[in-house]
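The values are calculated or read from the model by the stated rules, or taken from the named source; none is laboratory data. All values reported here derive from a predicted model rather than from experimental measurement. When we count neighbours, we look across all protein chains shown, and the Cβ atoms used for this are built from the backbone with ideal geometry, even at glycine.
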Amino acid sequence: MDLDIVMKESENIKDWIVDIRRELHRFPELMYEEHRTNALVREKLDELGIEYEFPIAETGVLAKIGDGDGPCVALRADMDALPIQEMADVDFKSEVDGKMHACGHDCHTAMLLGAAKILSQREINGTVKFLFQPAEEGGAGGEKMTQEGALENPAVERIFGLHVWPFIPTGQIGSRAGAFLAATSFMDIEVVGTGGHAAAPHTCVDPVLASSRIIDSLQSIVSRETDPLESAVVSITAVNGGSAHNVIPESVAIKGTLRSLTMDGLTNLQKRVDEICGLVGRANGCEVNVVYPGNDYPPTFNDPETWEFAKGVAESMIGAENVNELPPVMGGEDFAYYTQKTKGCFVVIGVGNPNKGCIYSVHHPQFKVDEDALPLGTALHVSFALESLLK
Ligand code: NI
């Protein structure tokens, strides 16, 4: 198949893709609240005459084209935004206070609709599913989609996901075989002592000092206990306790996150956090409660063969010099849930462009995407699907 034609078709509908992206950008919605977003997705699918299932995973949409026979490939986009006040220099800024598409999920949704538009005009030798999923940002929408059968009937043999990536320039893509994104867990640690007058510390049990010792001890898990050739992160990100100069507080609340490239690694980190918090707390007379508040993400594992395939497709479209073998990233992604069930590959697509001020990281209030990259995302989706169905 001539992949140049797919690239041209995508460029031809660039304005259509960009318009959708900007509309979504102006009205960002947080996890499981993507009502306006899924309405727009359904409206576009209706216009294209594509059938879909709704709702799935509360606020998601599962579209499908093809003859139902033969192989089945899935393409996935996430739709949710983040609780961030937008500070980006764009004229289609978020119109919702405190919410922003700061991870590019507006682009993902628009690129996938672009792919649906192009594929709907083609003869499909098999089935292509389009997963418009909610709640990637901590809500495990991907897990819900799989639980509600998105990868069944017909069974998906391969799934692809794209993520805009400001760390590489527009026109390039990247990924890797094996673990690409980390297994992640959040943690809430409560250190409970006995409050009282700061002038009489001997009548209190000081949770502030105990907290400092716990935080210090937790940092030895990576530096002293983890194989230096393995990847692990223990980050403490919030410490809240007390409010006066002369009062020892009753308790201190600590927040943080754990990361590993394997599920065993993550489980081991949690086990050691539990042990250290319990023992160091006890040594300091405090009771310590550790809670992992749900939605630990497994690692996103790229099937090596599927990445080789995606790499080959991308190389023939944009040249080998623009296809990067990337190191793993310790960020998390709920695309992981799909790769636990079927062969998949998560690919990042460059949207970095210093000339346009597209230099900020995802999750940054000034995050800005070079929209010239969007047709390539659409073309990749289309080509991954068509080429998979040829095999
Ligand atoms: Ni994201």
Tell me the residue from Ala63, Ala57, Ala39, Ala74 that is on the phi > 0 side of the Ramachandran plot and more than 16 Å from the ligand (Cβ to nearest atom), please.
Ala57
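Select the strands (runs of 3 or more DSSP E) contained entirely in the range 244-307, then report the ones holding at least 2 residues which are over 25 Å from Gly141 (Cβ atoms) and without any contact (Cβ under 8 Å) to a residue 40 or more places away in the chain. If you could, list the steps in order and put the result at the bottom.
Values: elements: 251-260, 287-291, 300-302.
So the answer is none; nothing clears 2.
Could you grab me the full set of residues in the range 95-114 that are within 16 Å of the ligand (Cβ to nearest atom) and more than 30 Å from Leu3 (Cα to Cα)?
Scanning the range 95-114 gives Lys99, Met100, His101, Ala102.
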Under 7 Å by Cβ, and 6 or more places apart or on different chains, what pairs join a residue from the range 6-33 that is closer than 18 Å to Pro83 by Cα with one that is in a helix (DSSP H, G or I) and of a type in the set (Lys, Arg)?
Phe27/Arg36; Glu29/Arg36
Scanning the range 341-350 residue by residue, those within 13 Å of the ligand (Cβ to nearest atom) and over 16 Å from the mean Cα position of the chain (by Cα) turn out to be none
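So which residues in the range 116-156 are touching a Pro at 6+ places or on another chain (Cβ under 6 Å) and surrounded by 23 or more Cβ atoms within 10 Å (Cβ to Cβ)? Can you show your working first?
From the range 116-156, those touching a Pro at 6+ places or on another chain (Cβ under 6 Å) are 126-127, 141; that's our starting set.
Selection gives Thr127, Gly141.
Pick out the one residue from Lys255, Lys271, Lys311 that is among the basic types (Lys, Arg), in the same structural domain as Gly139 (by TED's automatic domain parsing) and either within 27 Å of the chain's Cα centre (by Cα) or modelled with pLDDT of 95 or more (or both). First the steps, then the outcome.
Values: Lys255 fails: in the same structural domain as Gly139 (by TED's automatic domain parsing); Lys271 fails: in the same structural domain as Gly139 (by TED's automatic domain parsing).
Exactly one residue qualifies, and that residue is Lys311.
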Odd one out for Pro83, checked against (1) within 16 Å of the ligand (Cβ to nearest atom); (2) buried (at least 22 other Cβ atoms within 10 Å of the Cβ)
(2)
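Report yes if some residue within the range 115-132 is within 16 Å of the ligand (Cβ to nearest atom), within 30 Å of Pro298 (Cβ to Cβ), within 23 Å of the chain's Cα centre (by Cα) and part of a loop (DSSP other than H, G, I, E, B); otherwise report no.
no
From Gly98, Gly68, which residue is out of contact with any Gly (no Cβ under 7 Å at 6 or more places or on another chain), modelled with pLDDT under 95 and on the phi > 0 side of the Ramachandran plot? Working first, answer last.
Working: Gly98 fails: modelled with pLDDT under 95.
From the options Gly98, Gly68, the qualifying one is Gly68.
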Flag for Gly161 being crowded, with 17+ Cβ neighbours inside 10 Å, in a loop (DSSP other than H, G, I, E, B) and at negative phi:
no
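Output yes when any residue across the range 332-340 is away from the ligand (no atom under 16 Å from the Cβ), farther than 18 Å from Asp106 by Cα, in the same structural domain as Met31 (by TED's automatic domain parsing) and touching a residue at least 12 places away in the same chain (Cβ under 8 Å), and no when none is. Give the derivation first.
At the first step, the residues of the range 332-340 found to be away from the ligand (no atom under 16 Å from the Cβ) are 340.
In the following step, the residues that additionally are farther than 18 Å from Asp106 by Cα were identified as 340.
Restricting the remaining residues to those that are in the same structural domain as Met31 (by TED's automatic domain parsing) gives 340.
Next, from what is left, pick out any that are touching a residue at least 12 places away in the same chain (Cβ under 8 Å): 340.
For the range 332-340, residues away from the ligand (no atom under 16 Å from the Cβ), farther than 18 Å from Asp106 by Cα, in the same structural domain as Met31 (by TED's automatic domain parsing) and touching a residue at least 12 places away in the same chain (Cβ under 8 Å): present.
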